[in-house]
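Peer 1: Handing you this structure, nothing more for now.
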Amino acid sequence: MSSIQIQPVTTRRDLLAFVKFPWRVYKGDPNWVPPLISERLEYLDPATGPFYEHADVALFLARRGRKVVGTIAAFVDRQFIEHVGRREGGFGFFEVIEDYAVAKWLLDTACEWLRARDIPLMRGPTSFTDNDQPGVLLEGADCPPVMLEAHTPPYYKDFLERYGMEKDHDLFAWRAFRSQIGEELKNIPPELSRVADVARQVANVTIRKVRLENWDEEIATAHRLFNTTLHNLPNRNPMTEAEFRRIADQIRPFLDPDLALFAEVEGKPVGFCVALPDINRVLIHLNGRLFPLGWLRMKRYIRRIDVVTFKLMGVLEEYRRRGIDALLYLEAVKAVYEKGYEWLDGSVTSELNPMINLIAHRLGAERYKHYRLYRMEL
């Protein structure tokens, strides 16, 4: 058996090999959603990727002979260290054939790169941040992931734990089917409806749809609310405007204004809720390419999307406990039902935020995917 070689990604050709390698790992897996190759190349290019503005990143390829057999990224997010106050590095884009020797070489390389920068802890895998495909899949490989969720082979968990990594924390995805919601939301817990009614009548709250004609202004508002409402969660690192806008611009062609809502009090935005028709229901058919026929196929498959995913929701701290979150949720769920979607997803939720998981359970949602992030002292 030929030896394993690890090489840094230094050329455009290396980067293309890095991006295209997962097609080998997931060949024959009907539930893997191929990313758009063009988007991945842009995201991982230091000249265009927003993460590189506040982080140091190294990408590595594992080769056996001339064949790529694995990939990994090691990174230090300077903004995270400054904000959280903990020297911690990350690893991600960890893809490997079912061969522990290759996985060990990749992980050794990431650890050595971080040690050389005096980083005492490695955590991951993520696609740079906890907002983008975090963790490895422990349960729920029987259906495709929704957007921004990970999908990994079962041996990734075994490889990471064999290497000596320990659990950092777990993440969950929830779903509720149309039949569970019921006509006129009859199966929604009555106490939730009562709380929402209080918000309407007492808190002087109005709910409005996103204004697509004012896209830049609306994205700036959503970005501010996103960072402000989630600032108190453990390990929460503010998302830069460039990173937030990257995701927003990607979802814009799919966005349904009826499912993207702002809550206002006396004209001031105090909360928001964004549910999205799931892009992955389209991407799974495109095999990573929009050209030459991908655009035509995309338009056809957009009309067939039957899943909505709740990705963003928050209320400013001083306006909590007024029922505004319940009102936003009910208005979004009502639109989901009226538009004929078959089921809705809520993901990903962290075990470090027990309240949101309790709410999902109380609403009758099923926990259908389970992910884990790992950590290792260096």
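Peer 1: Before anything else, pin down the relative contact order of the chain: Cα pairs under 8 Å, at least 6 apart, normalised by residue count, whole percent. Don't skip to the end; give the middle numbers.
Peer 2: Working: 676 pairs, mean separation 86.1, N = 378.
For the chain, the relative contact order is 23 percent.
Peer 1: Could I ask something else about it? Against the longest principal axis of the chain, how steep is helix 215-229, in degrees 0 to 90 to the nearest 10, with axes from Cα atoms?
Peer 2: Roughly 80 degrees, rounded to the nearest 10.
Peer 1: Something else: If I model a spin label as a point 7 Å beyond the Cα along the Cα-Cβ vector, how far apart are those points for LEU290 and HIS370 in nm?
Peer 2: Here the answer is 3.8 nm between the modelled labels.
Peer 1: Okay, moving on. Take MET355 and TYR26, extend 7 Å from each Cα along the Cα→Cβ direction, and tell me the distance between the two endpoints in nm.
Peer 2: 3.4 nm
Peer 1: Using a 10 angstrom Cβ neighbour count of at most 16 plus a DSSP loop assignment to flag exposed GluC sites (Glu not before Pro), which longest range of the chain is free of such sites?
Peer 2: On the way: sites that count: GLU98, GLU266, GLU342, GLU351.
Longest gap between qualifying sites, sites excluded: 99-265.
Peer 1: In nanometres, what is the gap between the two model label sites at PHE254 and GLU42, each 7 Å from Cα along Cα-to-Cβ?
Peer 2: My value for the distance between the label points is 1.5 nm.
Peer 1: May I ask you to derive the relative contact order of the range 175-371, considering only C-alpha pairs under 8 Å and at least 6 residues apart, and to give it as an integer percent?
Peer 2: Values: 266 pairs, mean separation 61.5, N = 197.
It rounds to 31 percent for the range 175-371.
Peer 1: From the square roots a ≥ b ≥ c of the eigenvalues of the alpha-carbon gyration tensor of the range 4-172, which class results: rounded (a/c under 1.5), prolate (a/b over b/c), or oblate? Can you show the working numbers first?
Peer 2: Details: a/c = 1.25, a/b = 1.15, b/c = 1.09.
Note, shape of the range 4-172 comes out rounded.
Peer 1: Between the helical axis of 100-115 and the dominant principal axis of the chain, each derived from Cα atoms, what acute angle in degrees is found, rounded to the nearest 10?
Peer 2: Here the helix axis deviates by roughly 80 degrees.
Peer 1: With a 10 Å Cβ neighbour count serving as the proxy for reagent exposure, in which order, fewest first, do CYS143, CYS273 appear?
Peer 2: Final ranking by Cβ density, sparse to dense: CYS143, CYS273.
Peer 1: Quick check: the angle from helix 190-201's long axis to the longest principal axis of the chain, C-alpha only, nearest 10 degrees?
Peer 2: So the helix axis and the longest Cα principal axis differ by about 70 degrees.
Peer 1: Enumerate by residue number the trypsin sites (Lys or Arg not before Pro) in the range 143-238 meeting two conditions: DSSP loop (anything except H, G, I, E, B), and at most 15 other Cβ atoms within 10 Å of the site's Cβ. Walk me through the numbers on the way to the answer.
Peer 2: Working: sites: LYS157, ARG162, LYS167, ARG175, ARG178, LYS186, ARG194, ARG200, ARG208, LYS209, ARG211, ARG224, ARG236; in loops: LYS186, ARG211, ARG236.
For trypsin sites (Lys or Arg not before Pro) across the range 143-238 that sit outside H, G, I, E and B with at most 15 neighbouring Cβ atoms in 10 Å, the list reads LYS186, ARG211.
Peer 1: Kindly list the residues of the range 112-128 that lie in the label zone of LEU230, defined by a backbone N under 16 Å from the point 7 Å along the Cα-to-C-beta vector.
Peer 2: Residues 126-128 qualify, since their backbone N sits under 16 Å from the label point.
Peer 1: For a quick check: sort ARG117, ARG40 by the number of other beta carbons within 10 angstrom, fewest at the front. Don't jump to the answer; show the numbers that get you there.
Peer 2: Values: ARG117 12, ARG40 21.
Ordered from fewest to most neighbouring Cβ atoms within 10 Å, ARG117, ARG40 come out as ARG117, ARG40.
Peer 1: Based on the Cβ-Cβ distance of LEU121 and ASP170, what FRET efficiency does E = 1/(1 + (r/R0)^6) give at R0 = 22 Å, to the nearest 0.05?
Peer 2: Working: r = 18 Å, r/R0 = 0.83.
E(calc), rounded to 0.05, equals 0.75.
Read the figures in this text as sums done on the coordinates, not as results from a lab. As the structure is a prediction and not an experimental result, all values here were calculated from the model. Every residue, glycine among them, receives a Cβ derived from its backbone with ideal geometry; neighbour counts consider all protein chains shown.
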